[in-house]
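One structure below.
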Amino acid sequence: MAATAGGKHKMGFVGATSYMIGNIIGSGIFITPTSILMRTHSVGLSLIVWSLCAVIAILGSLCYIELGTSIRDPGCDFAYICYVKWYPIAFAFMWVSVLLTYPAVLAIQAEAFGEYLVEGLQPIVCFDGPNVIYAKKLLGFALLWLLTWLNFFSLKTFASRFQIIATIAKLLSTGLVIVTGFYLLIFRGWTTNLESPMSGSIWKAGDLVLALYGGLWAYSGWDVLNYGSDEIEHPKRTMPLAMLAGIGIVAVVYVAINVAYFVVLDVDAMSDSHAVAATFSQKVLGNFSFAIPFLIGVLLCGSLNSSIFVGSRYMFAAARQGHLPSCFSCVNQETDSPRAAIFAQTLLAIAVSFIGDLDNLIGYVIFAIWFQRVFTMLGLLWIRYKKIPVHPDAIRMPTALIVFFMLLSASLVLIPVVQEPEVTAIGLVIVASGMIMYFIFVWPKNTPVFLQRINEATTNVTSIVFSALPDLKKFDSLDQNDISPAVNCSPNAKSDDFTEITKRISRFDTDSNGTEQPRQRF
């Protein structure tokens, strides 16, 4: 984004690390331990799975460090697949991510926040019948809109600082469980559940793989910085430090909190618990257990904020590439915030929250995330094979590491085929529908005139409403002297300013015609 050229609105090591921790640590750490234990049946094997998942996340982050420092475009996998000109594949996965995956994640986190907050307020406010459902949604939506407004402003000044505060609160809330558990272990001698850690272990390959799959889901989000690599100060230094530090801190927290759980709860008690943190607090915190729902709510605030960052940057990258209407590429010139994409992701999240069982929806599309990573790793190998130029400050990783992570991602795609073929089939249909949409709307060189007019009109309106200008990738290569840098996007804008906005769009459209791979011009 242009406004970040001087680093005014970019985030440094602390902010980037906070986004890493905030995006990884979510409600999963209070749910996943039970599912992993049900597959492993022992304390020791469960902790091994958690540690192995951390190693896999670190290996994946190393590959994405090379990608993030090599290709300084926002959008993570989408940007990287587009870089090697595999546009149909990039569009297909973008279709799933923008319309379903990221809005569904936001919707689930918002509703989870509302659910925990309602539970915490039950002693004070009586929620019954249908009022409970409405209360959960309204509270979740209220937080979602608040964070949306926060992200409209400078990343470094507002959203990044909020993420730092939320991350500190998140570590304090998980730290409460860890400190309590280790206090009972060290000073009270509660060692019974840890005396035979490998007792009862079940070494079935299928169960272990599914346990690993659940653990990796809890670690998902380690690629958050790749969605806004152009908004990070000194990526060559900051990205590797922030990513490795973030995953390292999360790994310590995850293993420590599981040890704390096992100090208080035996294998049977944890296996029977649907909310292990609540069961833990009821056992040892007594009257203070009422605070746990609020602490988890604080935790979800940070998760929601980082999810808004990820989803909006992905949509912005797709629009900037020309795969979505150009109105979603509009960036506020003062704060460098992609306000239109942020607003659109919030609206989609609210819409998705009303379509039914969100958990099943995530199940249909989650495999697409790992499927996309397979192509991302193939793209990185293709860049090396073809010696495609990348940023001179790129950090290069061993080829064996890239191949290993690609094979690992492929195995995680194949697991659901055997275990849940229906889920995989539906997921493939969704991805295939994205491919079809690409060849209908993006592939043709000449977009219908009425679609071009709709695109120009929506971009003009978006520019006024959000005080923003379209930031199109093709426009970046044009002669900046041809276009005035100061364009008024306010409601008092003159006709010349509307002409300027339209010029940026039309120049993009004209420049796209006749290129090796024409881009969409809705």
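Couplings for region 163-176, taken from phi via the Karplus curve 6.51 cos²θ - 1.76 cosθ + 1.60 with θ = phi - 60°, read 5, 4, 5, 5, 5, 4, 5, 5, 5, 5, 5, 6, x, 4 Hz in order; Gly and Pro are left as x.
FRET efficiency for the Arg384 to Val125 pair, using the beta carbon distance and R₀ = 60 Å, is estimated at 0.55. Extension gain, Asp272 to Ile202, is 23.4 nm, computed as 0.36 nm per intervening residue step minus the present C-alpha separation. The Rg/Rh ratio of region 304-437, with Rg taken over Cα atoms and Rh as the Kirkwood radius over Cα pairs, comes to 1.01. As a calculated quantity, the FRET efficiency between Leu150 and Glu422 at R0 = 41 Å, using C-beta atoms, amounts to about 0.55. Distance between the 7 Å Cα→Cβ label points at Arg237 and Val461: 4.6 nm. Between Glu334 and Ala169, the FRET efficiency from the beta-carbon distance, with R0 = 30 Å, is close to 0.55.
Between Ile133 and His391, what is the label-to-label distance in nm when each label sits 7 Å out along the Cα-to-Cβ direction? Roughly 4.7 nm, to one decimal. Each label point was placed 7 Å from the Cα along the Cα-to-Cβ direction; for Val449 and Val252 their separation is 6.5 nm. Residues Tyr219, Tyr213, ranked from the fewest to the most other C-beta atoms within 10 Å, line up as Tyr213, Tyr219.
If the chain between Arg72 and Leu407 were fully stretched, how many nm would it gain, using 0.36 nm times the residue separation less the Cα-Cα distance?
Separation in residues times 0.36 nm, less the Cα-Cα distance, equals 118.1 nm.
Take the Cα of Ser289, go 7 Å toward its beta carbon, and the backbone nitrogen atoms of region 74-116 under 20 Å from that spot belong to 115-116. By the count of other C-beta atoms within 10 Å, a proxy for reagent exposure, Asp73, Asp393 are ordered fewest to most as Asp393, Asp73. Exposure proxy for Thr238, Thr191, Thr458: other Cβ atoms within 10 Å of each Cβ, ordered fewest to most, give Thr191, Thr458, Thr238.
Computed from the coordinates by the stated procedures, all read-outs in this text should not be read as laboratory data. Predicted, not measured: the structure shown is a model, and the values here were computed from it. In this analysis, Cβ positions are derived from the backbone assuming ideal geometry, glycine residues included, and neighbour counts consider all displayed protein chains.
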